[in-house]
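The values are calculated or read from the model by the stated rules, or taken from the named source; none is laboratory data. Values in this document were obtained by computation on a predicted structure and should not be read as measured data. Positions of Cβ are backbone-derived with ideal geometry, glycine not excepted, and every protein chain shown enters the neighbour counts. SASA here: full protein model, heavy atoms, side chains in, ligands and nucleic acids out. Shrake-Rupley method; radii C 1.70, N 1.55, O 1.52, S 1.80 Å.
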Amino acid sequence: FFCNPKHLLDPKITKITGITDDMLKDQKPFIAHLDRLNEFFLGTKRMFAHNLGFDRKILKFELERLDKVTSFPWPYEHTCTVEVGQRVWGKMRKLGDIYEELFEEKIAGAHRSINDVEATLRIIEWYAKEGRILQALQKGWHQACFWCRDICRLRCHRPFQTSRQSDGISCLQQ
C-alpha cells in the first residue's frame, strides 16, 4: 500500500522509484495502516529485507511520531540481504545489481513492492542454497516479513510472509 507522507517527495525518490506526489495525494497516512501492521507482525519472529536497517529506521521514525515504538510487535530476528551480500561479494551492492549478476536478467518493474520483494526472495533462496543464510532458513524463514525499500522511503510498508502458495507466502495488501 501507499501512504500519504503529508509532504512533497524529494525529487530523488521520484527519480529512483517513479512514485510521484500525485500518486500519493489521495492515499491514507501511515497511522491509518497501523492496526493492520500490528496484526500482521504480531507473532512474527523474523524479518528479511534488502537494506533492512534503513527500513527499520523509517518504521521506527513513524512509530516514534505516534508514541508507539514500544507497543509495536517487533520481530526479534532480522536478516539483511545487504549485510549477507557484504560477506558474499565483499562490498555493499544494490538489489538490482545482485539480481542481475545471479540470474542474468534485470528485475522487471524494479522499485515496486511486489517486484522488489520477489527479487529479494529469489536472492535469499540463492543465498540459502549456497549456505550463506542456512541458519536463518533452518529457523523457519517462511515466517519472515519482507520489506520493500521504495515504499519504505515514502513511509509506507508492504510486508510479506514467505508469495508462492507452496512456500506459504502471503501478502499484506490494501
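Of note:
- Search result, residues across segment 106-125 that are within 16 Å of ARG93 (Cα to Cα) and either outside any helix (DSSP H, G or I) or open to solvent by 60 Å² or more (accessible area, probe 1.4 Å) (or both): LYS106, ILE107, ALA110, HIS111, ARG122
- Considering residues of segment 63-87 that are in a helix (DSSP H, G or I) and farther than 16 Å from PHE30 by Cα only, the residue most open to solvent (accessible area, probe 1.4 Å): ARG87
- Selection within segment 1-20 - open to solvent by less than 60 Å² (accessible area, probe 1.4 Å) and more than 17 Å from PHE61 (Cβ to Cβ): PHE1, PHE2, THR14, THR17, GLY18, ILE19, THR20
- For segment 1-34, taking the residues that are of a type in the set (S, T, N, Q) and part of a helix (DSSP H, G or I), the one that is farthest from TYR76 (Cα to Cα) is identified as THR14.
- Test: ALA32 is surrounded by fewer than 15 Cβ atoms within 10 Å (Cβ to Cβ) and either at pLDDT 85 or above or within 14 Å of the chain's Cα centre (by Cα) (or both): yes
- Only residues that are modelled with pLDDT of 85 or more and under 17 Å from the mean Cα position of the chain (by Cα) were counted across segment 110-126, and they come to 11.
- Applying a threshold of 7 Å to beta carbon distances and a minimum spacing of six or more residues, or different chains, the list of pairs starting in segment 88-107 at a residue that is under 12 Å from TRP126 (Cβ atoms) and ending at one that is among the charged types (D, E, K, R) and not in a helix (DSSP H, G or I) reads VAL88/ARG132.
- Output for segment 35-62, where each listed residue is open to solvent by 80 Å² or more (accessible area, probe 1.4 Å) and in a helix (DSSP H, G or I): ASP35, GLU39, LYS57, LYS60, PHE61
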